[in-house]
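Reviewing the structure listed below.
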Amino acid sequence: MAELAANASQSRSRLSHTCSRLESKGLVMRDTCPGDKRGVFAILTPRATRRSNGPPATTSRRSARTSSTSSTRRTSRPSAAPSPPS
């Protein structure tokens, strides 16, 4: 969990609270680390995996399509032309 907190730029306490909320929704389960009795793994449940394959539950399909289109536009912009040789 400490490694996950660091990668998520969250404190361990905040991540623990987030995992508790996700656990109560059936999206995450915690498991002990076999090599470190103090270590805990956060594991996505099959329900979380199914949810992550579609648009977020709080957005409509239309807004998901719109945001997907706009991010495509942002990433497909051509980079600046190289400077001509001197």
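The values are calculated or read from the model by the stated rules, or taken from the named source; none is laboratory data. Model, not experiment: these values are computed from the prediction. Glycine gets a Cβ as well: all are built from the backbone with ideal geometry, and neighbour counts include every protein chain shown.
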Exercise for the section: Name the single residue, out of those in the range 1-17 being out of contact with any helix residue (DSSP H, G or I) (no Cβ under 8 Å at 6 or more places or on another chain) and not small (G, A, S), that is surrounded by the most Cβ atoms within 10 Å (Cβ to Cβ). Expected result: H17
Exercise for the section: Look at P78 and say whether it is loosely packed, with under 10 Cβ neighbours inside 10 Å, at pLDDT below 55, in a loop (DSSP other than H, G, I, E, B) and of a type outside the set (F, W, Y). Expected result: yes
